[in-house]
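Novice: Just passing along the structure, written as structure tokens.
The values are calculated or read from the model by the stated rules, or taken from the named source; none is laboratory data. Keep in mind that this is a model prediction, so the values were computed, not measured. Cβ placement follows ideal geometry from the backbone for every residue including glycine, while neighbour counts extend to all protein chains displayed. We work out accessible area using only protein heavy atoms, side chains counted, and drop any ligands, DNA or RNA first. Shrake-Rupley method; radii C 1.70, N 1.55, O 1.52, S 1.80 Å.
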Amino acid sequence: MLNATPRSHMDASATRGHSEDKPISERYSRQIAFAPIGERGQKRLASATVLIVGCGALGASLAQHMVRAGVGRVIIADRDYVEPSNLQRQVLFDESDARAALPKAAAAAEKLRRINSEIHIEAHVMHVGIDNVWRLTEDADLVLDGTDNTGTRLLLSDVCFQLGIPFVYGGVVGSRGMSALLLPDTTACLRCLIGNEDAAGETEGCDTAGVLSPVVEFVASLQAVEALKWLSGNGAEVRKSWLSADLWSFGVTEAALPNPSPGCLHCAPGRLRRRCDERKEQSASMTRYYTPPIVLCGRNSVQVTLEAPLSTDQAEAALKANPAAKLTRNRYLLKAEWENGESLVYFPDGRVLVQGTTDADRALALCKRLYHQPSRT
């Protein structure tokens, strides 16, 4: 039988939701009435921590499912901000979020706290990469995939398998979607299933094939129910398969997940799991999979990270030297838009989203405008 007991935060429930001595909220009465969960399962949910990486279409839906179900601590990490094109399928956002260009993680957290004030919600406006993924992941009982690119998914799978944390994969494009719960010591890891980033490829995405909102909700539901099984103590009931579906033509296929691969660095049976700080020292060998510029799903954009981050005031002063640029600023980011359709979004951590191009050289040329400041040394 699989071990479905959350691996951390079992003693912290009183500080962020229910405790053994605190009555369970009436809000969960219908979920508790479902026999496989009951009060015991609900208390397990209240003591659990879930990390959701990516808060776009899948991630936003996953987040509201976890919050409504009463998962005690929900951590959200996302690098992007809300735009009008997101509103067709990203359920936590509205027109006011898009007008203000709010980061998705921050906008989502605000909505989620209004949905359920009993739980602890953490929002991180950041690109999840090799430099921060260990810190984000090490306290989680389960990680939910809301990302839009193979590199980040592989990184999350690698880290989850090194730390012994279940990873719930999900992907959507057009009318098709797929999902699988990958379990250390039980199933193969994502890298064994789809190959490295170059082998997996991403020839079709939301920007070319589009995406239907009902398909997003279908896949998010598949992911969410597996997460709830595991976190509520029903690990023996999890679906040990890779499920794919096309909702437009309606076809569903399901294949059993293979066992861990004997030669895999990440999921090989009997491998020695190292502590998080020890694994950090070995991260350099993995970095090549995650550092190339990434085209965001449904976007014509390049992400650039500056070696020397500027303050937002410095970035604004530099961009004002381009009088044709329209500037929008909030406490999270600074956005400059030009009449030719190109735009630059600067985050205080030195991350820049260059929109209107997929050419890395053009993106770097636009980023140079951030340094047009005579006073800067």
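Novice: Given the condition closer than 20 Å to Tyr81 by Cα, at pLDDT 90 or above, assigned to a loop (DSSP other than H, G, I, E, B) and not assigned by TED's automatic domain parsing to the domain that holds Pro103, answer yes or no: does some residue in region 311-327 qualify?
Specialist: Taking every residue of region 311-327 in turn, at least one turns out to be closer than 20 Å to Tyr81 by Cα, at pLDDT 90 or above, assigned to a loop (DSSP other than H, G, I, E, B) and not assigned by TED's automatic domain parsing to the domain that holds Pro103.
Novice: Restricting to region 130-183, and then to whatever is touching a strand residue (DSSP E or B) at 6+ places or on another chain (Cβ under 8 Å) and aromatic (Phe, Trp, Tyr), can you tell me which residue is nearest to Thr49 (Cα to Cα)?
Specialist: Phe167
Novice: Quick one: in region 155-164, of everything that is within 13 Å of Leu182 (Cα to Cα) and crowded, with 23+ Cβ neighbours inside 10 Å, which residue is farthest from the chain's Cα centre (by Cα)?
Specialist: Gln162
Novice: Count, please, the residues in region 165-191 that happen to be in a loop (DSSP other than H, G, I, E, B), open to solvent by 10 Å² or more (accessible area, probe 1.4 Å) and touching a Ser or Thr at 6+ places or on another chain (Cβ under 9 Å).
Specialist: Number of matching residues: 1.
Novice: A follow-up question, please. Are there helices (runs of 4 or more DSSP H) fully within region 19-118 with at least 3 residues that are basic (Lys, Arg) and on the phi < 0 side of the Ramachandran plot? List them.
Specialist: Filter on region 19-118 gives 38-46, 104-115.
Novice: Anything in region 39-62 that is among the β-branched types (Val, Ile, Thr) and either over 21 Å from Ser232 (Cβ atoms) or outside the structural domain of Glu26 (by TED's automatic domain parsing) (or both)? List them, or say none.
Specialist: The answer is Val53, and nothing else.
Novice: Of the numbered conditions (1) more than 21 Å from Ala100 (Cβ to Cβ); (2) open to solvent by less than 10 Å² (accessible area, probe 1.4 Å); (3) at pLDDT 90 or above, Leu344 satisfies every one except a single condition; which is it?
Specialist: Among (1) more than 21 Å from Ala100 (Cβ to Cβ); (2) open to solvent by less than 10 Å² (accessible area, probe 1.4 Å); (3) at pLDDT 90 or above, Leu344 violates only (1).
Novice: Let me ask something additional. Need pairs with beta-carbon distance below 6 Å; first residue in the same structural domain as Tyr169 (by TED's automatic domain parsing) and open to solvent by 80 Å² or more (accessible area, probe 1.4 Å) and within region 236-265, second outside any loop (DSSP other than H, G, I, E, B) and at pLDDT 95 or above; sequence gap 6+ or separate chains.
Specialist: Pairs found: Glu237/Lys229; Thr253/Ser244; Glu254/Ser241; Glu254/Leu243; Ala256/Ser241.
Novice: With respect to the numbered conditions (1) at pLDDT 95 or above; (2) under 12 Å from the mean Cα position of the chain (by Cα); (3) within 23 Å of Leu183 (Cβ to Cβ), which one is the sole condition not fulfilled by Ala123?
Specialist: (3)
Novice: Which residue, of Asn116, Asn132, is without any contact (Cβ under 8 Å) to a residue 12 or more places away in the chain and assigned by TED's automatic domain parsing to the domain that holds Ala224?
Specialist: Asn132
Novice: Kindly indicate which of Asp361, Asp277 is assigned to a helix (DSSP H, G or I), within 30 Å of Leu183 (Cβ to Cβ), open to solvent by 50 Å² or more (accessible area, probe 1.4 Å) and at pLDDT below 90. Quick ask: steps written out before the conclusion?
Specialist: Details: Asp361 fails: within 30 Å of Leu183 (Cβ to Cβ).
After applying the criteria, what remains is Asp277.
Novice: Among Asp97, Asp148, which is within 13 Å of the chain's Cα centre (by Cα) and buried (at least 23 other Cβ atoms within 10 Å of the Cβ)?
Specialist: Answer to the check: Asp148.
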